[in-house]
Every structure is written in C-alpha cells, then in structure tokens.
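Let me begin by presenting the structure, written as structure tokens, before commenting on it.
Just so you know, all these numbers are worked out from the coordinates, no wet-lab data involved. Source: prediction; values computed, not measured. Here the Cβ positions follow ideal geometry from the backbone for every residue, glycine too, while neighbour counts run over all protein chains shown.
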Amino acid sequence: MNSRNRKIDWPRTLLRACRIVETAEKAPVLAELAQELDVSAYELQRQFTRRLGISPRAYRQALQLHRLAREAGGSALDAVYSAGFESPTTAYANATRNLGLPPGRLRKAIDIGWWLGLSDLGWMLMAATSKGICWLAFGEEPGAMLEELHAAFPQARFRNDEKRLRNWFDRVRDFVLLPREALDLPMDIQGTAFQAGVWKTLRKIPLGETTSYKAVASRVGRPGAVRAVASACAANKIALLIPCHRVIAADGSLAGYRWGLERKTRLLEGERERQ
C-alpha cells in the first residue's frame, strides 16, 4: 500500500530509522532510507527533524564522531579516516558543531563507558561502570550532556562503549516508546543512605501511577522530610530506571523534573495509556 494512503506510526518508524542509520556501514542516502521504511523521503526528513530535533544526515555525523571516539588504539589520523571522515579538518569541525567537544576530548581512555543516541524524548545518554548503569539522561545538546557526565564523575576516565551498552540502550529506548511494567537492568547507584532509601521506594511505584513527595517521605520513615525527598529525586542520575517522574506535588501538579516537565508529562501520559 502506498504510504500516502495509510496512517504511519511515526514514533516506531523513526525508531527503526535510527537503528538503520546506527547499524549501517555506510551512510544511507535519504531516498534509500525512505524506501526501506516505505515512506516518502520528504516526510521522513520532516518528521525526523521535527520529532527528534536533528536531521538523519546530522545524526549520522554524530555517530561518526562516536566511532572516532572509539578508535583510541591507533593514531589520531587513522581514527579520523576509519570513522568515515574525509579529513581531520572535517572531523574537528563536525565534533565542535555537533557535540561541542573536539575529538581529542572524546578519545580518552576509560573507567566508565558511554553511548549516545536519539530516542522519542530527544538525545539520550547512557553510561555504565563495570557494575551497571550509573547515568541515564535526556537533553537537547549532546555536547552539554557529555560535559555534565564528565562533571558528575570528575575522577573517572571515559570511553565510547556502544558494543556493551547497545542492548541496554535499545531496551530503554523501546520503553520510552512503549512503556512496560519494569526496566530490569543492572545499576551502579551511589548516594547517601537516605537517597538510596528514596530511590528504592521510587522503584516500587507501579507503572502508570504517581505518588507525592510527602507520601514517599512517609514510606522511608521520615514524614517531615518532604524537601529532602525532593532533593533526592533531583539528585537521581538514572532516569526511568529510578522513576522519579512518577513523583508529583501534593496538589497534583507535576512540580520539577531534572530532564524537563515536558518529558515528565509525556512519560506519565504514555504510561497511563499502557495500563
């Protein structure tokens, strides 16, 4: 059936488009990508840019930079060409424009691995230690997100780790699109005893339901510590796996959310629809 005569599920289609771009050895031409997805090239470009905030071509360039970051074993020049750039000048120009970091900053060795890609909530950055996921964040600017990650773990060394994180990343990205009861992934959580108690309580809030900061404070045995609960939610470094988006104010308003109230609204609406 011609794509003009049928309703297209664009969230699913764009998720599939992301995966095609991410796994292709060579950058797919827009027309070829559209043909594989059975949609028009014009509408694919428009929907991709409107919903994800970046064009398919620009996304491919960002992925090239990820691969550049991963080529830490050889020379800088070898890394540039193996990542698909025509010259070092092109690589540095793209790194500064798309990620806000020069390739030299991205090619440091590691204690924490990371992977960055697009989701239905915009850019998503995941990072993990050998024990599990220690960072999961959403944002509009990849460079700023990477800088925040570095600032949060100032003593760590980092490397691009798509091979290890890709499966976890895709499971979270699928959850954003089609929420399920739980995201059971290994985590490496560091915080105070009180914060840990709050985060453990948050993980018990059922899909599609919300609770108040006051109720959480009571559940952790500190009924007067409402502000401390709010601070613990704000200190959460792992979105979705620790579902602080399910905590709202006593009057029913959404209050704050580390990754933006618009994302909080979309997450809660999506989870309610899946009940």
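Points to keep in mind about this one:
- Rounded if a/c under 1.5, otherwise prolate or oblate - region 152-226, Cα gyration tensor axes: oblate
- Classification of region 130-256 by its C-alpha gyration tensor yields a prolate form. The axis ratio a/c (a ≥ b ≥ c) is 1.5 or more, and a/b outweighs b/c.
- Coil-residue trypsin sites (Lys or Arg not before Pro) of region 216-275, DSSP, other Cβ within 10 Å capped at 14: R274
- Relative contact order of region 183-227, taken over Cα pairs closer than 8 Å and 6 or more residues apart, is 27 percent.
- You can think of it this way: the chain between E209 and L178 has 9.6 nm of extra reach, that is 0.36 nm per residue less the Cα-Cα gap.
- For K26, the aspartates and glutamates whose Cα falls under 19 Å of its own Cα, not counting residues fewer than eight places away in the same chain, are E36, E71, D78, E86, E162.
- Listed pairs K7/K237; K7/K200; K131/K204; K7/K264; K163/K200; K163/K264 exceeding 31 Å between Cα atoms: K7/K237; K7/K200
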